[in-house]
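To keep things clear, I will list the structure first and then write my remarks on it.
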Amino acid sequence: MKLLSMTRLLADMQTRVNAAGLRCFDGDIDRFAIFSLITRESIRGGARNSGISTHSAAISLGRSFETVRRHVNALIAAGLCVRLHGGVVVNPEVLTRPDIARLIALTHDSFVCFVQALYDAGELPVLRPSAVRYDRTVGVQAAVDVMLATADSNQAIHGNWLDLVIFSTILAGNLHRAPLPPRRPVEGVRFGPDHAVRASVLARVLNLSETTVRRRLGRLGHAGGPVVRLRQGYIISSDWMKRPDAIETSQRTATSVRLAIAAAAAQGFPFDAPHTAYQVGPPPPIVF
(Lines give C-alpha, C1' and ligand atoms only; values in the text may rest on other atoms or scores of the structure.)
Protein backbone atom coordinates (compact mmCIF):
# COMPACT_ATOMS: atom_id res chain seq x y z
CA MET A 1 0.00 0.00 0.00
CA LYS A 2 1.65 3.22 -1.14
CA LEU A 3 1.84 6.22 1.15
CA LEU A 4 0.66 8.65 -1.52
CA SER A 5 -2.65 6.86 -2.03
CA MET A 6 -3.12 6.53 1.70
CA THR A 7 -2.60 10.26 2.24
CA ARG A 8 -5.03 11.27 -0.50
CA LEU A 9 -7.78 8.85 0.45
CA LEU A 10 -7.53 9.39 4.20
CA ALA A 11 -7.93 13.14 3.70
CA ASP A 12 -11.19 12.50 1.84
CA MET A 13 -12.47 9.96 4.37
CA GLN A 14 -11.62 12.14 7.36
CA THR A 15 -13.25 15.21 5.82
CA ARG A 16 -16.45 13.37 4.95
CA VAL A 17 -16.88 11.63 8.33
CA ASN A 18 -15.77 14.59 10.44
CA ALA A 19 -18.11 16.95 8.60
CA ALA A 20 -21.04 14.65 9.33
CA GLY A 21 -19.97 14.23 12.95
CA LEU A 22 -19.56 17.96 13.48
CA ARG A 23 -23.05 18.48 12.09
CA CYS A 24 -24.51 15.99 14.60
CA PHE A 25 -22.52 17.29 17.57
CA ASP A 26 -22.85 21.05 17.04
CA GLY A 27 -19.24 21.53 15.99
CA ASP A 28 -17.72 19.73 19.00
CA ILE A 29 -15.07 17.41 17.55
CA ASP A 30 -13.98 16.14 21.00
CA ARG A 31 -17.51 15.01 21.84
CA PHE A 32 -17.89 13.35 18.46
CA ALA A 33 -14.60 11.46 18.90
CA ILE A 34 -15.57 10.28 22.38
CA PHE A 35 -19.02 9.21 21.17
CA SER A 36 -17.36 7.33 18.29
CA LEU A 37 -15.08 5.43 20.67
CA ILE A 38 -18.00 4.52 22.96
CA THR A 39 -20.02 3.41 19.93
CA ARG A 40 -17.18 1.20 18.70
CA GLU A 41 -16.81 -0.45 22.10
CA SER A 42 -20.59 -0.87 22.44
CA ILE A 43 -20.85 -2.57 19.05
CA ARG A 44 -17.81 -4.73 19.71
CA GLY A 45 -19.12 -5.94 23.05
CA GLY A 46 -22.54 -6.95 21.76
CA ALA A 47 -25.36 -7.83 24.13
CA ARG A 48 -22.98 -8.67 26.99
CA ASN A 49 -21.09 -5.42 26.70
CA SER A 50 -20.47 -3.73 30.04
CA GLY A 51 -19.10 -0.53 28.52
CA ILE A 52 -15.82 1.34 28.52
CA SER A 53 -14.68 3.19 31.61
CA THR A 54 -13.94 6.90 31.47
CA HIS A 55 -10.36 6.13 32.50
CA SER A 56 -9.90 3.65 29.63
CA ALA A 57 -11.47 6.09 27.16
CA ALA A 58 -9.07 8.83 28.29
CA ILE A 59 -6.07 6.54 27.78
CA SER A 60 -7.32 5.37 24.37
CA LEU A 61 -7.88 8.93 23.17
CA GLY A 62 -4.81 10.50 24.75
CA ARG A 63 -6.98 13.03 26.57
CA SER A 64 -7.14 14.01 30.22
CA PHE A 65 -9.54 12.14 32.48
CA GLU A 66 -11.38 15.36 33.34
CA THR A 67 -11.90 16.29 29.69
CA VAL A 68 -13.29 12.87 28.81
CA ARG A 69 -15.41 12.74 32.00
CA ARG A 70 -16.99 16.10 31.16
CA HIS A 71 -17.93 14.95 27.65
CA VAL A 72 -19.16 11.56 28.85
CA ASN A 73 -21.41 13.25 31.39
CA ALA A 74 -22.76 15.53 28.64
CA LEU A 75 -23.45 12.52 26.39
CA ILE A 76 -25.30 10.79 29.22
CA ALA A 77 -27.29 13.93 30.01
CA ALA A 78 -28.28 14.17 26.33
CA GLY A 79 -29.51 10.58 26.39
CA LEU A 80 -26.91 9.43 23.87
CA CYS A 81 -25.09 7.16 26.30
CA VAL A 82 -25.91 5.31 29.52
CA ARG A 83 -23.73 4.32 32.43
CA LEU A 84 -23.55 0.65 33.41
CA HIS A 85 -21.70 -1.03 36.26
CA GLY A 86 -18.64 -1.61 34.06
CA GLY A 87 -18.58 1.69 32.20
CA VAL A 88 -20.42 3.68 29.54
CA VAL A 89 -22.26 2.36 26.48
CA VAL A 90 -24.28 3.94 23.72
CA ASN A 91 -27.99 4.07 24.44
CA PRO A 92 -29.34 1.35 22.08
CA GLU A 93 -32.32 3.50 21.17
CA VAL A 94 -29.99 6.20 19.86
CA LEU A 95 -28.58 3.92 17.15
CA THR A 96 -31.95 4.00 15.39
CA ARG A 97 -32.40 7.76 15.69
CA PRO A 98 -32.41 9.12 12.11
CA ASP A 99 -29.49 11.55 12.47
CA ILE A 100 -27.27 9.03 14.29
CA ALA A 101 -28.28 6.18 11.96
CA ARG A 102 -27.31 8.35 8.96
CA LEU A 103 -23.99 9.23 10.62
CA ILE A 104 -23.17 5.57 11.30
CA ALA A 105 -24.15 4.53 7.77
CA LEU A 106 -21.99 7.30 6.27
CA THR A 107 -19.08 6.31 8.50
CA HIS A 108 -19.39 2.70 7.37
CA ASP A 109 -19.73 3.55 3.67
CA SER A 110 -16.82 6.01 3.86
CA PHE A 111 -14.60 3.15 5.00
CA VAL A 112 -15.92 0.98 2.16
CA CYS A 113 -15.23 3.82 -0.29
CA PHE A 114 -11.70 4.17 1.10
CA VAL A 115 -11.03 0.46 0.65
CA GLN A 116 -12.68 0.42 -2.79
CA ALA A 117 -10.36 3.21 -3.97
CA LEU A 118 -7.32 1.29 -2.73
CA TYR A 119 -8.66 -1.82 -4.46
CA ASP A 120 -9.20 0.05 -7.74
CA ALA A 121 -5.63 1.36 -7.55
CA GLY A 122 -4.28 -2.14 -6.93
CA GLU A 123 -2.82 -1.02 -3.63
CA LEU A 124 -4.55 -3.20 -1.07
CA PRO A 125 -2.20 -5.43 0.90
CA VAL A 126 -2.39 -9.17 0.30
CA LEU A 127 -5.18 -10.44 2.55
CA ARG A 128 -6.24 -13.96 3.39
CA PRO A 129 -9.95 -14.58 2.70
CA SER A 130 -12.04 -15.18 5.81
CA ALA A 131 -14.78 -17.77 6.22
CA VAL A 132 -16.60 -15.40 8.59
CA ARG A 133 -19.76 -13.81 7.22
CA TYR A 134 -19.42 -10.03 7.01
CA ASP A 135 -21.46 -7.91 9.39
CA ARG A 136 -21.62 -4.16 8.80
CA THR A 137 -20.71 -3.47 12.41
CA VAL A 138 -17.21 -4.65 11.44
CA GLY A 139 -16.97 -1.82 8.92
CA VAL A 140 -18.14 0.72 11.48
CA GLN A 141 -15.52 -0.49 13.94
CA ALA A 142 -12.83 -0.36 11.25
CA ALA A 143 -13.82 3.17 10.23
CA VAL A 144 -13.62 4.38 13.83
CA ASP A 145 -10.29 2.59 14.27
CA VAL A 146 -8.89 4.35 11.19
CA MET A 147 -10.15 7.75 12.32
CA LEU A 148 -8.89 7.42 15.90
CA ALA A 149 -5.57 5.88 14.83
CA THR A 150 -5.01 8.82 12.49
CA ALA A 151 -5.74 11.27 15.31
CA ASP A 152 -3.41 9.38 17.66
CA SER A 153 -0.58 9.25 15.11
CA ASN A 154 -0.87 12.98 14.48
CA GLN A 155 -1.10 14.02 18.12
CA ALA A 156 2.55 15.06 18.33
CA ILE A 157 2.31 17.49 15.41
CA HIS A 158 -1.41 18.38 15.68
CA GLY A 159 -2.03 18.55 19.41
CA ASN A 160 -5.62 19.68 18.91
CA TRP A 161 -8.12 17.41 17.14
CA LEU A 162 -9.83 20.32 15.41
CA ASP A 163 -6.49 21.48 13.99
CA LEU A 164 -6.01 18.03 12.45
CA VAL A 165 -9.55 18.10 11.02
CA ILE A 166 -8.97 21.47 9.37
CA PHE A 167 -5.53 20.42 8.11
CA SER A 168 -6.98 17.27 6.51
CA THR A 169 -9.82 19.24 4.95
CA ILE A 170 -7.41 21.76 3.43
CA LEU A 171 -5.38 18.88 2.00
CA ALA A 172 -8.51 17.27 0.56
CA GLY A 173 -9.59 20.63 -0.84
CA ASN A 174 -6.19 21.35 -2.37
CA LEU A 175 -6.32 18.03 -4.19
CA HIS A 176 -9.91 18.53 -5.32
CA ARG A 177 -9.15 22.02 -6.62
CA ALA A 178 -6.37 20.81 -8.87
CA PRO A 179 -6.15 16.99 -8.91
CA LEU A 180 -2.65 15.62 -9.18
CA PRO A 181 -1.52 12.90 -11.57
CA PRO A 182 -2.41 9.52 -9.97
CA ARG A 183 1.18 8.45 -9.36
CA ARG A 184 2.59 11.72 -8.10
CA PRO A 185 3.36 11.66 -4.35
CA VAL A 186 1.46 14.21 -2.27
CA GLU A 187 4.60 14.69 -0.18
CA GLY A 188 6.52 15.88 -3.27
CA VAL A 189 4.02 18.34 -4.73
CA ARG A 190 4.13 22.10 -4.41
CA PHE A 191 0.62 23.42 -3.91
CA GLY A 192 -0.08 26.83 -5.38
CA PRO A 193 -2.89 29.35 -6.00
CA ASP A 194 -4.88 26.92 -8.14
CA HIS A 195 -5.11 24.53 -5.20
CA ALA A 196 -6.12 27.09 -2.56
CA VAL A 197 -9.31 26.79 -0.50
CA ARG A 198 -10.99 29.75 1.18
CA ALA A 199 -11.85 29.82 4.87
CA SER A 200 -15.54 30.26 4.05
CA VAL A 201 -15.46 27.04 2.00
CA LEU A 202 -13.76 25.12 4.84
CA ALA A 203 -16.41 26.40 7.25
CA ARG A 204 -19.22 25.29 4.93
CA VAL A 205 -17.76 21.84 4.28
CA LEU A 206 -17.11 21.16 7.98
CA ASN A 207 -20.32 22.72 9.33
CA LEU A 208 -18.32 25.11 11.50
CA SER A 209 -18.53 28.86 11.98
CA GLU A 210 -16.12 30.84 9.85
CA THR A 211 -14.87 32.57 13.01
CA THR A 212 -13.82 29.21 14.48
CA VAL A 213 -12.13 28.16 11.25
CA ARG A 214 -10.21 31.43 10.91
CA ARG A 215 -9.05 31.25 14.51
CA ARG A 216 -7.64 27.77 13.93
CA LEU A 217 -6.11 28.79 10.61
CA GLY A 218 -4.23 31.48 12.48
CA ARG A 219 -2.64 28.78 14.64
CA LEU A 220 -1.90 26.46 11.72
CA GLY A 221 -0.48 29.27 9.58
CA HIS A 222 2.28 30.40 11.91
CA ALA A 223 5.81 30.68 10.52
CA GLY A 224 7.00 27.21 9.59
CA GLY A 225 3.54 25.76 10.23
CA PRO A 226 1.61 23.29 8.07
CA VAL A 227 -0.67 25.84 6.37
CA VAL A 228 0.16 28.76 4.07
CA ARG A 229 -2.22 31.65 3.43
CA LEU A 230 -2.42 32.98 -0.13
CA ARG A 231 -4.64 35.66 -1.61
CA GLN A 232 -6.77 32.89 -3.15
CA GLY A 233 -7.09 30.92 0.10
CA TYR A 234 -5.16 28.30 2.07
CA ILE A 235 -2.80 25.54 1.00
CA ILE A 236 -0.75 22.89 2.78
CA SER A 237 2.91 23.85 3.04
CA SER A 238 5.02 21.69 0.75
CA ASP A 239 8.09 22.30 2.89
CA TRP A 240 6.22 21.25 6.01
CA MET A 241 5.08 18.01 4.33
CA LYS A 242 8.73 17.13 3.72
CA ARG A 243 9.74 17.53 7.36
CA PRO A 244 11.01 14.30 8.93
CA ASP A 245 8.38 14.36 11.69
CA ALA A 246 5.58 14.87 9.14
CA ILE A 247 6.83 11.97 7.01
CA GLU A 248 7.24 9.76 10.08
CA THR A 249 3.68 10.60 11.15
CA SER A 250 2.35 9.62 7.71
CA GLN A 251 4.20 6.32 7.89
CA ARG A 252 2.93 5.61 11.41
CA THR A 253 -0.61 6.41 10.31
CA ALA A 254 -0.27 4.07 7.32
CA THR A 255 0.84 1.24 9.61
CA SER A 256 -2.18 1.75 11.87
CA VAL A 257 -4.52 1.79 8.87
CA ARG A 258 -3.04 -1.47 7.57
CA LEU A 259 -3.74 -3.08 10.93
CA ALA A 260 -7.35 -1.86 10.87
CA ILE A 261 -7.82 -3.21 7.35
CA ALA A 262 -6.29 -6.56 8.28
CA ALA A 263 -8.59 -6.81 11.32
CA ALA A 264 -11.63 -6.12 9.14
CA ALA A 265 -10.45 -8.75 6.66
CA ALA A 266 -10.20 -11.34 9.41
CA GLN A 267 -13.82 -10.58 10.31
CA GLY A 268 -15.17 -11.11 6.84
CA PHE A 269 -14.90 -7.77 5.03
CA PRO A 270 -15.12 -8.62 1.29
CA PHE A 271 -11.80 -7.23 0.11
CA ASP A 272 -12.10 -9.06 -3.19
CA ALA A 273 -15.33 -7.12 -3.92
CA PRO A 274 -15.53 -4.08 -1.62
CA HIS A 275 -18.49 -2.57 -3.47
CA THR A 276 -20.72 -5.37 -2.16
CA ALA A 277 -20.25 -4.10 1.41
CA TYR A 278 -21.98 -0.74 0.98
CA GLN A 279 -24.92 -0.13 3.28
CA VAL A 280 -26.40 2.81 1.35
CA GLY A 281 -23.92 3.28 -1.49
CA PRO A 282 -20.85 5.34 -2.37
CA PRO A 283 -20.90 8.60 -0.38
CA PRO A 284 -21.48 11.75 -2.43
CA PRO A 285 -18.33 13.66 -3.40
CA ILE A 286 -17.21 16.52 -1.19
CA VAL A 287 -18.08 19.82 -2.84
CA PHE A 288 -15.30 22.38 -2.47
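Could you work out the helix-only [θ] at 222 nm for the chain, with each DSSP H run of four or more residues adding -39,500 (n - 2.57) and the total divided by the number of residues, to the nearest 500 deg cm²/dmol?
For the chain, the value works out to -18500 deg cm²/dmol.
Between residue 279 and residue 101, what is 0.36 nm times their sequence separation minus the Cα-Cα distance? Round to one decimal in nm.
63.0 nm
For a label point 7 Å from the Cα of residue 242 along Cα→C-beta, name the residues of region 8-41 whose backbone N is under 20 Å from it.
The answer is 8.
Once the Cβ-Cβ distance between residue 69 and residue 130 is put in as r, and R0 is 30 Å, what FRET efficiency do you end up with, to the nearest 0.05?
Efficiency for this residue pair is about 0.20.
Rank these residues by their accessible area, most exposed first, probe 1.4 Å: 220, 84.
84, 220
Contour minus end-to-end for residue 26 and residue 198, with contour as 0.36 nm per residue of separation and end-to-end as the Cα-Cα distance?
Result: 59.8 nm gained on full extension.
Give me, ordered by chain and number, the residues 5 or more places off residue 191 or on other chains with an amide H under 5 Å from its own placed amide H.
Residues meeting the amide H criterion: 238.
Which whole DSSP H helices in the chain pass both tests: a Cα extent of 20 Å or more along the axis and a mean Kyte-Doolittle value no lower than 0.5?
98-120, 136-153, 161-177
Just to confirm, what accessible area per residue do you get for the chain at 1.4 Å probe, in whole Å²?
46 Å²
Given the whole protein assembly as supplied and a 1.4 Å probe, what does the accessible area of residue 16 come to in Å², nearest 10?
So the heavy atoms of residue 16 present about 40 Å² to solvent.
Give me the distance in nm between label points sitting 7 Å out from Cα along the Cα-to-Cβ direction at residue 56 and residue 266, one decimal.
1.8 nm
Rounded to the nearest 20 Debye, what is the dipole magnitude of the chain about its Cα centre when Lys and Arg each give +1 and Asp and Glu each give -1 at the C-beta?
400 debye
Based only on Cα atoms, what mean projected area does the convex hull of the chain have, in nm²?
14.6 nm²
Choose one of 79, 20, 110: the residue whose Cα lies farthest towards the positive end of the charge dipole of region 17-142 (beta-carbon charges +1 Lys, Arg; -1 Asp, Glu; about the Cα centre).
79
Roughly how much of residue 145 is accessible, in Å² to the nearest 10, using a 1.4 Å probe?
The value for residue 145 is about 40 Å².
Expressed as a whole number of Å, what is the distance separating the alpha-carbon centroids of region 146-181 and region 30-83?
Between the Cα centre of region 30-83 and that of region 146-181, the gap is 23 Å.
Report in % the part of the accessible area of the chain that belongs to carbon and sulfur, leaving out ligands and nucleic acids; probe 1.4 Å.
54 percent
Just need the Rg to Rh number for region 11-136, please, alpha carbons only, Kirkwood Rh.
Dividing the radius of gyration by the Kirkwood radius yields 1.00.
Would you calculate the separation in nanometres between label points at residue 84 and residue 256, each defined as 7 Å from the Cα along the Cα-to-beta-carbon direction?
2.6 nm
The values are calculated or read from the model by the stated rules, or taken from the named source; none is laboratory data. The structure displayed is predicted, hence computed values, not measured ones. Virtual Cβ from ideal backbone geometry, glycine too; neighbours counted across all protein chains shown. Surface accessibility is based on the protein's heavy atoms, side chains included, excluding ligands, DNA and RNA. Shrake-Rupley method; radii C 1.70, N 1.55, O 1.52, S 1.80 Å.
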